[in-house]
């Protein structure tokens, strides 16, 4: 068995709302240039793991045509049908087992231009009671959560707008983000189109065309790739119950459990102190305080103060989504993996304008399902 | 357990997608067909010849751009005889669909095989040649069929 | 140092059948889970994590494990979803193996299922090619009546399988009667497996030969049914197996691997360079797996094979590609009775995929059946009576391009 696994390479596309190239070209160019950056060939990779979904690809067995496009022709390949961070988790397990030394993980989608995201999301709802009625969906579930949080903790629409603007500004400084709204103001957010109140159009993440590839390696093999490995020191993933009425949307106990498990593995006792930044997979801006608190990064219900004091800003005590997060780009299936790449970039001190000073430990999160039913958490260290 | 069941009608609506397909390989192939040529791409590193030819090599994982015209003769690789419709009724004129490997290529092309009278005498490895439509217009249909030599 | 992993239980929801209008997907999965747990002394909450999968486009429900999580016990537990086409079940099982082998979890459940009556399998399969086929229309294919999909330059699923079957027959100097014969053997094996779908006791070559030809040399009787069913397996670490006091009736995972080539037979957009009849990856992966399992000569050291054959000719082809039989010698093995349940190399005692095919379950059923054979627990008369040390289970999927292989054995590989 391998004892420690590292992120040794990562790359993401410049995400867009209408990719000029097809998915095949997009992932080929991405993996090719990642290999070039690292000075490796496809033979240096032991196992290839896709994160894609037949519904977001609009194809049965979505990797049929993409297999050779990531260098996995005649190689060991498999597919996780969930967010890319789940695929990274699987790659991590494969390397830990000692049967593999290196793995390439790739997540991608054409969520910006090829399909309407709410439609593919609707396909994952209970087909008997929920899908036909169209009342419960990913938007309304998150709206219920947002409204519960706002009511309980006096988190106002202005607070939510401020938080959205923080992420938009971070996204604006992120060269990979698709959504660029440098002039967006709190008023703009407050006046944006109401969807499922309190959720407005401006709060919705930027569903985009894009991809992200990450290479993981055992400690033994890491030297071949980089002298700046980012270690995966803790992981956790948990699923919540399905029906919204059965869940505590505010407590997010399964997310707490995933985070606690990852912290325990990484030997973190006080996440508020020991973690330097968080990259969260939020489909809506309103999820940020709920998730961050469930993960123990802030005191429960402190969202209002956090926004007021700028604690989650790049220069704050606990920067959340310094990359801008999915508000800047949400290429489904890649989004959680991008969080891992962004966090790695921060820890390697390679982040550009969004650099978090002195960051040594980061927590990374990804979600799947309505109202973040399935959550994955990684703790990474430089 | 009750026998009464409610069936919920729902669909996976494939028309909801607007796919982008990379067509470098087909563009080149169809362009060649207009001039009654079979064009593909060859990897400058490993020599693999693809028809239709993508702009990268699957084996070497590198960009390739060397356009090659390949032979219009080759060997019959595999085939199947369509002697009945899906309900099992014998059809009047059985036809053969096949894959062929044109000389000098490493990939397979599919199409209709003609030039036989009794399908039982058709064997893999037989030589074939490309037969064109009289008038070509730069479409897949320009290549009419493969003919046993 | 490798961590040894064992399969300690295999459960089905019941017999695989064409239609289950009385239940939905979660209700299809739950009995398989209960069955697998019920065969052990474990309780539901002792399962540390779940790995699940099916081919969700077939039923038109995206990631149905979300909806089904309460039914299989996944709520408040770690759950991972894997899907790789026909090989899904085996890929799910392999991921469950790595959950344990990584040291992160000790007791993991793998679940595969399909509820084919809730969708149209042909439409689901067409979904593989649809975008590419649409694209072909822009390039002026010949769609005149007698050409059909051949005008596109593709063969469809049965068409592609028929090419492969013809290639196989030519290379093995065999005839359609061999495919009839192996198909008949699978249906009669299935009659001895209480969970199999198409059970035809005493099915003969002549019975199969009566079925209509779809695409020569493939007949209707050479194809698989579309079934509804679920399978669940429990995998545990060696330490846990010892702790539970169950090291005798378990199947140890001795070797496993997977591989992918390009899409063959249907790759109409870019030239395919892989021969679908050769199945080169199956040879590469099985060699790797045997070496991991410490198997020097698979012909001697493997006693039973469960292979994934969507079409009957593949029941002859896979044993050769897996190195269990010399190239082209399967028809001979079939004729001399070697593949029978009481033969030298029993092939698919369960009846195989041509008797039962709930796609997301099928490749895991191969592994589960292999495990049952090793444990000596196969029910209804399909248990092989010879002494079994090792069994190979094989999975296949994608457009003739994915392969999974695993070897299960009575004793773990020495560390």
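A few points about this structure:
- For chain C, alpha-carbon Rg and Dmax in angstrom: 20.3, 67
- Helix C:25-38 axis, angle to chain C major axis (alpha carbon atoms, nearest 10°): 40 degrees
- Along each principal axis, Cα extent of the range A:190-244, largest first, Å: 52, 29, 19
- Across all Cα atoms of the range C:187-345, the radius of gyration (one decimal) and Dmax (whole number) stand at 18.6, 55 Å.
- FRET efficiency, 1/(1 + (r/R0)^6) with R0 30 Å, evaluated for residue A:353 and residue A:157 via beta carbons: 0.55
- Two-decimal log10 I(q)/I(0) for the range B:56-95, as the Debye equation yields it once each C-alpha is a single scatterer, q = 0.15 Å⁻¹: -0.67
- Against the empirical curve 2.2 N^0.38 Å, the C-alpha radius of gyration of chain A lands at a ratio of 0.91.
- Here the range C:282-354 is treated as an ellipsoid with the same Cα gyration tensor; its semi-axes, largest first and in whole Å, are 19, 14, 12.
- Measure of compaction for the range A:5-61 (Cα Rg per 2.2 N^0.38 Å): 1.30
- Angle between chain C longest axis and helix C:359-375 axis [Cα atoms, degrees, rounded to 10]: 50 degrees
- Compactness index (Cα Rg / 2.2 N^0.38 Å), the range B:21-148: 1.16
- Length-normalised contact order of the range B:21-148 in % [C-alpha pairs under 8 Å, at least 6 apart]: 24 percent
- The percentage of C-alpha pairs in the range C:246-326 whose separation is greater than 15 Å is 65%.
- Folded to 0 to 90 degrees: helix C:156-172 orientation relative to chain C principal axis, Cα: 90 degrees
- Overall dimensions of the protein assembly as shown by Cα: Rg and Dmax, Å: 27.5, 86
- Ascending count of other beta-carbon atoms within 10 Å, so fewest first, for A:176, C:308, C:290, A:243: A:243, A:176, C:290, C:308
- For the range C:266-415, the Kirkwood estimate of the hydrodynamic radius, built from every pair of different alpha carbons, is 15.6 Å.
- Taking a ≥ b ≥ c as the square roots of the eigenvalues of the alpha carbon gyration tensor, the range A:36-99 is oblate, as a/c is not under 1.5 and a/b does not beat b/c.
- For chain A, modelled as a GNM whose springs connect Cα atoms under 10 angstrom apart, the maximal fluctuation among A:159, A:126, A:233 occurs at A:126.
Every read-out reported here was derived from the displayed coordinates using simple, explicitly stated rules and does not represent laboratory data. These numbers were taken from a predicted model, which means no experiment stands behind them. Don't worry about glycine lacking a Cβ; one is built from the backbone with ideal geometry, like all the others, and counts go over all protein chains shown.
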